[in-house]
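Let me begin by presenting the structure, written as structure tokens, before commenting on it.
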There are 2 protein chains.
Amino acid sequence: MKREIKFSLVFRDMWQSAGKYVPRVDQLVRVAPAIIEMGCFARVETNGGGFEQVNLLFGENPNKAVREWTKPFHEAGIQTHMLDRALNGLRMSPVPADVRQLFYKVKKAQGTDIARTFCGLNDVRNIAPSIKYAKAAGMISQCSLCITHSPIHTVEYYTNMALELIELGADEICIKDMAGIGRPYSLGQIVGNIKAKYPEIPIQYHSHAGPGFNVASILEVCNAGCDYIDVGMEPLSWGTGHADLLTVQAMLKDAGYKVPEINMEAYMKVRSMVQEFMDDFLGLYISPKNRLMNSLLIGPGLPGGMMGSLMSDLEKNLESINKGRTKNNKPLMTQDQLLIKLFDEVAFVWPRVGYPPLVTPFSQYVKNLALMNVMQMEKGKERWSMIADDIWDMLLGKAGRLPGKLAPELVEKAKAEGREFFEGNPQDNYPDALDKYRKLMNEKQWECGQDDEELFEYAMHPAQYEAYRSGKAKVEFLADVAHRKAEKEEAKKPAPHDAPATIAMPTTPQVMNVDVNGQTYRVTVAFGDTTNAAAPVASQPASAPAAPAAAGNGKEVLSPLEGKFFLVKNASEAAVKVGDTVKEGDVLCYVEAMKTYNAVRAEFGGTVTAICLSPGDAVSEDDVLMTIR
Amino acid sequence: MKREIKFSLVFRDMWQSAGKYVPRVDQLVRVAPAIIEMGCFARVETNGGGFEQVNLLFGENPNKAVREWTKPFHEAGIQTHMLDRALNGLRMSPVPADVRQLFYKVKKAQGTDIARTFCGLNDVRNIAPSIKYAKAAGMISQCSLCITHSPIHTVEYYTNMALELIELGADEICIKDMAGIGRPYSLGQIVGNIKAKYPEIPIQYHSHAGPGFNVASILEVCNAGCDYIDVGMEPLSWGTGHADLLTVQAMLKDAGYKVPEINMEAYMKVRSMVQEFMDDFLGLYISPKNRLMNSLLIGPGLPGGMMGSLMSDLEKNLESINKGRTKNNKPLMTQDQLLIKLFDEVAFVWPRVGYPPLVTPFSQYVKNLALMNVMQMEKGKERWSMIADDIWDMLLGKAGRLPGKLAPELVEKAKAEGREFFEGNPQDNYPDALDKYRKLMNEKQWECGQDDEELFEYAMHPAQYEAYRSGKAKVEFLADVAHRKAEKEEAKKPAPHDAPATIAMPTTPQVMNVDVNGQTYRVTVAFGDTTNAAAPVASQPASAPAAPAAAGNGKEVLSPLEGKFFLVKNASEAAVKVGDTVKEGDVLCYVEAMKTYNAVRAEFGGTVTAICLSPGDAVSEDDVLMTIR
């Protein structure tokens, strides 16, 4: 008998790699005893990642959810872990240091034992404070190597990164193979190297099934000394999810490892509760395609979970390419030809942007850049002639150090555009903020909560916390669920040919009573808004009425690509208005495409005479966006 | 750099593990050059298994198909292989020795290089003649170990089986992991043991993805010395199919093996042609569920591909169980409870029926027996009180020797029912038949064909060959495609609420001209028949008109289970008619359920006074089938 391998059920990630949401706390506390009864888990991933934010979106208190959901595991002697995005904490943008520090104190108090910290760029500077803060708070600090596959992401690179993290104080190492793209043999080598130097440091392997490597990787890392394996279970295993517990347990048992037995009756109980939660509302946010494996993206190195959005991007762009080709009497391009062109361009782009690990959002950035290059070149324009601001931020080092070197052509381009490279520690750009939020709470007469947990949530997710407190979040969430249910019902029943299906939704603002933490709030919600609830720019100023484009009223600003028109990227920016004076190079507006905001800059100075669209409107390439005189 | 690993594209199995059919020869010859252009295959699986039979069902000549499809690979220096069911040749029932012998001569002449022979029970006696015949015909004889997971299917068992096959003359060994249930470590041990004794014997690993072990198994068998790996490709990889070429190649390359590079442009060409063939007609026969992985059946050991039919069986039987429970005021059973009961019963049944490898049809037999036991016991009857004849044949040794020992209770039951165990060589029950078919062809003035290939096909698939020659097969196939296309179209469009969807099909017999091998035949087809085209009893005698069940007209024969009523299992049997005298124990009729025919035997002698149903009618448990006085 070989040594023991322990399992962790990544219950939080099971849901979030399938769809947008996680179960509600009432559902979680119902399933917890059955998970414990399965008798085979040393650990469970309970929170972190999007968990807390999703609870706010439900209109529920994440602090209550984490406390109630971790409690039964604690009592059963099962360790709980959370996903921590290092500099980004529990969101997608950088978090001030004092908020990060409070984060670990709060989560430890709420019952989370282990902080699994990662930086999407593998910049150790972003991870270092988390080690210190987590340990100071009494948590186990588990630090992650984000696995990608490139000539610079070698066994040596990852080994050195792990050793550096351990030397900085990491208690454990997580091999975070979030696209499942790690190669089994190399992963075994990495684990072997770490264990050779630090045999007592526990290693946990986290992987997704996507391209099909991960079961082999699990065997290899176990053979090399790995201690914990993250698993999923039916009906959410495989595809964009994880390897199934049953497969992993059977494989390791056959290979001679000591593995826990599984109480199959409890397994079936958990399995049917997961299905029940999906049938309740969670399935409304889960694409069945996420259960499929995908190997096609192994070549370009992109995560398989991206296949759906990639194909839809391709479709739209192909249409645009072929419109142009028809006009110029050129032969039409097929979808496969475009797909191959895109793969080749990804292979060209990725090294030149310094090999950021191909994980969200960087995988999107690389794919978008490649597709933008293909499109621009098709139109006879230069490669790199359109780079979104978010992508520039990554290239300039604002999110952390790129693993590889930026191509000289991009360095030059940055300089030519007057963009500055950032060499410092990204954290330094974000001053402490707790005092500000404490003051705000005081003004609003809101309690900072047990262990300052309300203060923490407010500082971590300000807008969403406010929407939760006002009750707006709950109303919008319930309306969205109702809307999707109605759509699903409508899709099921055969509709008469002559009457198009319509969904009954209130069209006038509704006054409703909403229960928030036991208190009843009276809120007014305009249901027309709710269809935009999921849009990234929730508080787009409505103050820019669409003025008709008056011909001859100025020079036209044309849309450089197909997408959605927005005046600002987020609510804190000031929107351009009719009458404003703009100078060459100023950002006029944005065209959102493929989840990035592409700034449209003024090519000439003048006064804005018309804004021809409303925020959120769909635009085609070369549509008139504004006029300037 | 480690040694070289070669790939085989199992193009035939890719289709047949997804659905019923394979592409037509015109499609195959179009895709062959692109497969060659991919530049990474040493071998391609071209035919065997259901390939030849499917061509007959299309109304096409399989001999022409095999010759045209193997030719380009031959010219490109790529070896072709076929699947051979040993005693069962290219069908599901035993084949006379002289037909088996001719089989290899014909296939070698048609351009197939390698015969991959397997016996579903791993009875070497069934494989031995294939080795002799294949080698005499100039083919490479590759013999298979059918992998299943049980206490008696040990590494030692498979090692010994392989050594025995090699000593009998097998040129190569195939590790046939047809349910993907083989455990990676043990498979590596088996390969290592064979290579230790016979390092020069090539080993090819064939596997399906289903439960998720096979990528790990591929790495393990390669590490142990395996030479060839069978792979699939998009859009038919994973799920009930195979590991994807891209994953396997990338994994082995990383592990240091010499592997061929893949021409991705050609890959994309093949990929889109496969999709095109699916869009043409093949997709009409493919369930999208077959792309899903499935780990739930690892416990009971059943192949994951069985999940769909198993859940539908469960649903029907659960209804019947709960009807009974409602009647008796007992609490209702949930589907999960029944599923666990079934899994437990499989665990009980499988050892007792001698551990037949869990592969079609034996996996079905074991599952059906278990479900039947659960149902009978639920009704207060004995375990084993209903065993279908096909299952008895397996238990009695008629298909070959069972790997394990039959339970004493079943041995006794067989004796009590006067059933005889068969200890001899199964082949001995099937006398030579070529002379008979040669004579028949002579009478019909049909040519025996180049290399006697027409004679071979007639002797291998008599009924289907006749249907092909008459043109009936083609008409029925085209009608079925048209029917499914119409259904699909109908399902797509929203129908008015008040008019149920109907599909326009001719209801009167049609006279049509059909092209068969370049000759035009005039055939008459009644389209009403075509909906039964796929039913296993195509020529059910229509001579048993349904007589009304006259009360008091005799004692009633009740249906022992839910299913479909048939008078005979196949056309060569004589059906019971009204007026026939029957004695206790005589087979009266069959109830087909879960793909097996359950004989209904007379519990008393007498004269048949009424047959209450027509062949093919659905029956519920306890429905009156016949009356006997």
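The values are calculated or read from the model by the stated rules, or taken from the named source; none is laboratory data. Predicted, not measured: the structure shown is a model, and the values here were computed from it. We place every Cβ from the backbone using ideal geometry, glycine too, and count neighbours over all the protein chains shown.
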Practice item. Only strands (runs of 3 or more DSSP E) wholly contained in segment B:564-629 count here; list those with 2 or more residues that are of a type in the set (Ser, Thr, Tyr) and surrounded by fewer than 21 Cβ atoms within 10 Å (Cβ to Cβ). Key: B:606-611
Exercise for review: Check whether at least one residue in segment A:220-228 is aliphatic (A, V, I, L, M) and either away from chain B (no Cβ under 11 Å) or over 28 Å from the mean Cα position of the chain (by Cα) (or both), and report yes or no.
Suggested key: yes
Point to revise | Residues of segment A:413-462 satisfying the condition of being among the acidic types (Asp, Glu) and assigned to a helix (DSSP H, G or I) | key: A:Asp428, A:Asp435, A:Glu443, A:Asp451, A:Asp452, A:Glu453, A:Glu454, A:Glu457
Study note, to complete from the structure: Note on A:Leu339: of the conditions (1) of a type outside the set (Ser, Thr, Tyr); (2) part of a helix (DSSP H, G or I); (3) within 14 Å of chain B (Cβ to nearest Cβ); (4) more than 25 Å from the chain's Cα centre (by Cα), unmet is (4)
Check your understanding: So which residues in segment B:291-310 are under 22 Å from B:Leu236 (Cβ atoms), more than 10 Å from chain A (Cβ to nearest Cβ) and not in a loop (DSSP other than H, G, I, E, B)?
Key -> B:Gly304, B:Gly305, B:Met306, B:Met307, B:Gly308, B:Ser309
Point to revise | Criterion: within 14 Å of chain B (Cβ to nearest Cβ) and charged (D, E, K, R) - qualifying residue of A:Asp313, A:Asp344 | key: A:Asp344
**Study point:** Subset of segment A:364-386 (residues that are modelled with pLDDT of 90 or more, buried (at least 20 other Cβ atoms within 10 Å of the Cβ) and under 22 Å from A:Ile152 (Cβ atoms))
**Key:** A:Tyr365, A:Val366, A:Lys367, A:Asn368, A:Leu369, A:Ala370, A:Asn373
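Here is a yes/no grid of residues against (1) touching a residue at least 24 places away in the same chain (Cβ under 8 Å); (2) surrounded by fewer than 23 Cβ atoms within 10 Å (Cβ to Cβ):
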| position | (1), (2) |
| --- | --- |
| B:Ala196 | no, yes |
| B:Asn214 | yes, no |
| B:Ala224 | yes, yes |
| B:Ile229 | yes, no |
| B:Met233 | yes, no |
| B:Pro260 | yes, yes |
| B:Arg271 | yes, yes |
Practice item. Please go through segment A:397-413 and pick out each residue that is surrounded by fewer than 17 Cβ atoms within 10 Å (Cβ to Cβ), without any contact (Cβ under 8 Å) to a residue 40 or more places away in the chain and under 29 Å from the mean Cα position of the chain (by Cα). Key: A:Lys398, A:Val411
Review point. Does B:Ser320 qualify as being within 13 Å of another protein chain (Cβ to nearest Cβ), more than 30 Å from B:Lys485 (Cα to Cα), of a type in the set (Gly, Ala, Ser) and touching a helix residue (DSSP H, G or I) at 6+ places or on another chain (Cβ under 8 Å)?
Key: no
**Study point:** Qualifying residues in segment B:235-257 (those that are facing chain A (nearest Cβ under 7 Å) and under 22 Å from the mean Cα position of the chain (by Cα)) - the one surrounded by the fewest Cβ atoms within 10 Å (Cβ to Cβ)
**Key:** B:Ser237
**Study point:** Filter result for B:Asn160 (polar (S, T, N, Q), out of contact with any Ser or Thr (no Cβ under 9 Å at 6 or more places or on another chain) and surrounded by fewer than 24 Cβ atoms within 10 Å (Cβ to Cβ))
**Key:** yes
Review point. Regarding B:Pro331, is this residue outside the structural domain of B:Val95 (by TED's automatic domain parsing), more than 26 Å from the chain's Cα centre (by Cα), not in a helix (DSSP H, G or I) and not hydroxyl-bearing (Ser, Thr, Tyr)?
Key: yes
Review point. Given (1) under 26 Å from B:Asp280 (Cβ atoms); (2) away from chain A (no Cβ under 14 Å); (3) surrounded by 12 or more Cβ atoms within 10 Å (Cβ to Cβ), where does B:Glu490 come up short, assuming only one miss?
Key: (2)
Point to revise | Pair list, Cβ < 7 Å and 6+ apart or interchain, from segment B:428-442 residues that are under 18 Å from B:Gln464 (Cβ atoms) to residues that are among the acidic types (Asp, Glu) | key: B:Ala433/B:Asp98; B:Leu434/B:Asp98
Review point. Could we say that B:Met264 is farther than 26 Å from B:Ala179 by Cβ, surrounded by 16 or more Cβ atoms within 10 Å (Cβ to Cβ) and within 12 Å of chain A (Cβ to nearest Cβ) here?
Key: yes
Practice item. Report yes if some residue within segment A:275-284 is within 14 Å of chain B (Cβ to nearest Cβ), touching a residue at least 40 places away in the same chain (Cβ under 8 Å), surrounded by fewer than 22 Cβ atoms within 10 Å (Cβ to Cβ) and assigned to a helix (DSSP H, G or I); otherwise report no. Key: yes
Point to revise | Test: B:Asp393 is free of Cβ contacts under 8 Å to residues at least 60 places away in the same chain, over 17 Å from B:Phe362 (Cα atoms), part of a helix (DSSP H, G or I) and under 25 Å from the mean Cα position of the chain (by Cα) | key: no
Check your understanding: Looking at B:Ala32, B:Ala86, which one is in contact with a Cys (Cβ under 6 Å, 6 or more places away or on another chain) and among the aliphatic types (A, V, I, L, M)?
Key -> B:Ala86
Practice item. Scan segment B:290-305 for residues that are more than 16 Å from B:Tyr365 (Cβ to Cβ) and either basic (Lys, Arg) or in contact (Cβ under 8 Å) with a residue 24 or more places away in the chain (or both) and jot them down. Key: B:Asn290, B:Arg291, B:Leu292, B:Met293, B:Asn294, B:Ser295, B:Ile298, B:Gly299, B:Gly304
Check your understanding: Exactly one of (1) at pLDDT 95 or above; (2) within 14 Å of A:Gly180 (Cα to Cα); (3) more than 8 Å from every other protein chain (Cβ to nearest Cβ) is unmet by A:Gly210. Its number?
Key -> (1)
